[in-house]
2 protein chains.
Amino acid sequence: MKVLSQTSKYGIRALLYVVSHPGTGQFVSIGEIAKELNLSFHFLTKIFRELTNKGILHSYRGPAGGIALAKPADQIKLVDIVLALEGDDYFDNCLLGFPGCGVEKPCPVHNFWKGIRSEIKSHLLNTSLAQLGEKIVAEEVRLYD
Amino acid sequence: MKVLSQTSKYGIRALLYVVSHPGTGQFVSIGEIAKELNLSFHFLTKIFRELTNKGILHSYRGPAGGIALAKPADQIKLVDIVLALEGDDYFDNCLLGFPGCGVEKPCPVHNFWKGIRSEIKSHLLNTSLAQLGEKIVAEEVRLYD
DNA sequence: CATATTTAAGAGTATTAATTCTTAATTAAT
DNA sequence: ATTAATTAAGAATTAATACTCTTAAATATG
């Protein structure tokens with residue numbers, strides 16, 4: 001069940017690293033994150049570029065540069081990251097692939113899937129980077145392979 | 001949100017066609033299904049081959065041949081089709097892609113995702129082709145684009 | 001100004017999923 | 001037997017995703 005692309009998975013993991021490792025400077029370098037999480041530096045750079053373009057991150061070039069959250073961590077929700085990286089129509093899917101599946105022309109599993117989708121969406125909408133970062137710091141959950 | 005592969009989507013739709021169109025003969029030809037549902041004949045043949053190999057369908061070659069359900073439609077559940085086509089580890093995924101995510105080493109969203117996965121699985125486990133076929137025949141839901 | 005450090009941009013490559021194509025095998029009817 | 005209708009098998013192609021590489025631009029420091 002591949003619900004998120006690698007791009008989204010890496011993006012979320014990388015931002016969770018950022019919120020759970022408050023460094024000394026204003027920016028965290030992509031190289032550090034890639035090394036710590038064992039992700040491809042170039043791939044991560046591309047992902048962060050997208051998040052920067054979408055206004056979720058700020059970036060700064062040069063020595064001591066890197067990326068930083070554009071907003072406080074409790075104001076960035078998982079849904080923001082997912083929509084930025086997967087596209088705004090991420091939650092508009094039909095489980096069986098029917099175009100324009102909806103109340104007027106429902107597919108055979110429309111009602112079921114509508115409920116699941118809505119649960120997922122509302123959970124991602126209610127989960128902030130700050131919340132998950134706290135759980136990581138408290139070592140209740142893991143961030144590394 | 002791509003939860004099912006095209007293979008699974010087409011497979012389910014095709015079997016729903018079968019249960020909602022009781023033909024005169026014992027077997028339904030793949031050509032008819034492909035034509036009616038506007039799916040690629042060759043692709044559908046490949047999908048059915050897999051379902052036949054997994055024991056969900058029977059097939060018969062030659063004139064008036066085709067495929068037929070190997071069991072009564074109320075005994076074939078959506079989960080059977082999905083597991084046959086996506087693999088038995090379909091429900092073992094971690095939303096964030098951590099290997100071996102589980103209670104011992106949970107990822108930051110493990111509990112949430114575990115719940116969703118279990119809801120999806122139990123619904124697919126409790127939904128038979130017969131049930132959905134009835135809704136299609138009653139025209140409560142659609143089977144065509 | 002020269003150099004080192006860092007992100008930006010996007011071209012290029014590799015891997016996987018989706019689809020198409022070709023040939024063979026099976027069966028029924030004539 | 002021959003032909004037509006069908007599925008079986010798997011190679012070949014195309015498309016999408018994932019990842020890598022190269023070059024450019026920005027910035028800090030000596």
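The values are calculated or read from the model by the stated rules, or taken from the named source; none is laboratory data. Keep in mind that this is a model prediction, so the values were computed, not measured. Note that we place each Cβ from the backbone using ideal geometry, even for glycine, and neighbour counts take in every protein chain shown. Areas reflect the complete protein model, heavy atoms only, side chains present, ligands, DNA and RNA absent. Shrake-Rupley method; radii C 1.70, N 1.55, O 1.52, S 1.80 Å.
Of note:
- Shape class of chain A from the alpha-carbon gyration tensor: prolate, with a/c at 1.5 or above and a/b greater than b/c.
- Highest-fluctuation residue, B:GLY55, B:GLY66, B:GLY133 considered, GNM on chain B with Cα pairs under 10 Å: B:GLY55
- Our analysis of region B:44-93 gives Rg over Rh at 1.03, with the two radii drawn from alpha carbon positions and Rh computed by the Kirkwood formula.
- Extents of the protein assembly as shown, taken as max minus min of Cα coordinates on every principal axis and listed largest first, are 76, 38, 30 Å.
- Which listed pairs, of A:LYS9/B:LYS46; A:LYS9/B:LYS54; A:LYS9/B:LYS121; A:LYS9/B:LYS9; B:LYS54/B:LYS105; A:LYS77/B:LYS2, have C-alpha distances above 28 Å, in listed order: A:LYS9/B:LYS46; A:LYS9/B:LYS54; B:LYS54/B:LYS105
- In Hz, Karplus ³J(HN,Hα) per residue of region B:65-71 (6.51, -1.76, 1.60; θ = phi - 60°; x = Gly, Pro): x, x, 10, 8, 5, 7, 9
- Working note: Karplus 6.51/-1.76/1.60 with θ = phi - 60° gives region B:73-82 the couplings 4, 7, 9, 9, 9, 4, 4, 4, 5, 5 Hz, where Gly and Pro are set to x.
- Backbone phi angles across region B:128-145, fed through the Karplus curve with coefficients 6.51, -1.76 and 1.60 (θ = phi - 60°), yield HN-Hα couplings of 9, 4, 4, 4, 5, x, 4, 5, 5, 4, 6, 6, 7, 9, 10, 10, 10, 4 Hz in residue order; Gly and Pro are listed as x.
- Put B:ASP80, A:ASP92 in order of accessible area, highest first, and with a 1.4 Å probe you get A:ASP92, B:ASP80.
- Taking amide hydrogens as placed 1.01 Å from N in the peptide plane, the amide H of A:LEU57 sits under 5 Å from those of A:THR52, A:ALA70, each at least 5 positions away in sequence or on another chain.
- Take A:ASN126, move 7 Å from Cα toward the beta carbon, and the resulting point lies 2.2 nm from the same point in each other copy, nearest first.
- Separation of the B:LYS71 and A:VAL103 label points, Cα + 7 Å toward Cβ, nm: 3.7
- Förster radius 30 Å - calculated FRET efficiency between B:GLU36 and A:LYS114 (Cβ-Cβ, nearest 0.05): 0.70
- Between chain B and chain A, the total buried accessible area stands at approximately 3700 Å², from heavy atoms with a 1.4 Å probe.
- Net length available on complete extension from A:THR52 to A:THR24 is 8.0 nm, with 0.36 nm assigned per residue and the Cα-Cα distance removed.
- In terms of Cα atoms, the Rg and Dmax of region B:66-145 work out to 16.3, 48 Å.
- Computed [θ] at 222 nm, deg cm²/dmol, chain A (DSSP H ≥ 4; -39,500 (n - 2.57); rounded to nearest 500): -15000 deg cm²/dmol
- When the chymotrypsin sites (Phe, Trp or Tyr not before Pro) in region B:97-145 are filtered for DSSP coil states and for at most 15 other beta-carbon atoms within 10 Å of their beta-carbon, the remaining sites are B:TYR144.
- Top of A:LEU16, A:LEU78, A:LEU125 by mean-square fluctuation, Gaussian network on chain A, Cα under 10 Å: A:LEU125
- The protein assembly as shown - percent of accessible surface contributed by carbon and sulfur, probe 1.4 Å: 50
- Take every pair of alpha-carbon atoms less than 8 Å apart whose residues are at least six positions apart; their mean separation over the length of chain B yields a relative contact order of 27 percent.
- Averaging the Cα positions of each part gives two centres, and for region B:73-145 and region B:1-51 these lie 19 Å apart.
- Between copies, the label points of B:ASP92, set 7 Å from Cα on the Cα→Cβ line, lie 3.6 nm apart, reported in increasing order to one decimal in nanometres.
- Burial of 40 Å² or greater, region A:1-33 residues [accessible area, probe 1.4 Å, versus chain by itself]: A:MET1, A:LYS2, A:VAL3, A:LYS9, A:ARG13
- Exposure ranking of B:THR127, A:THR24 by accessible area [1.4 Å probe, largest first]: A:THR24, B:THR127
- Probing with 1.4 Å while keeping every protein chain in the model, the per residue accessible area of region B:6-137 equals 50 Å².
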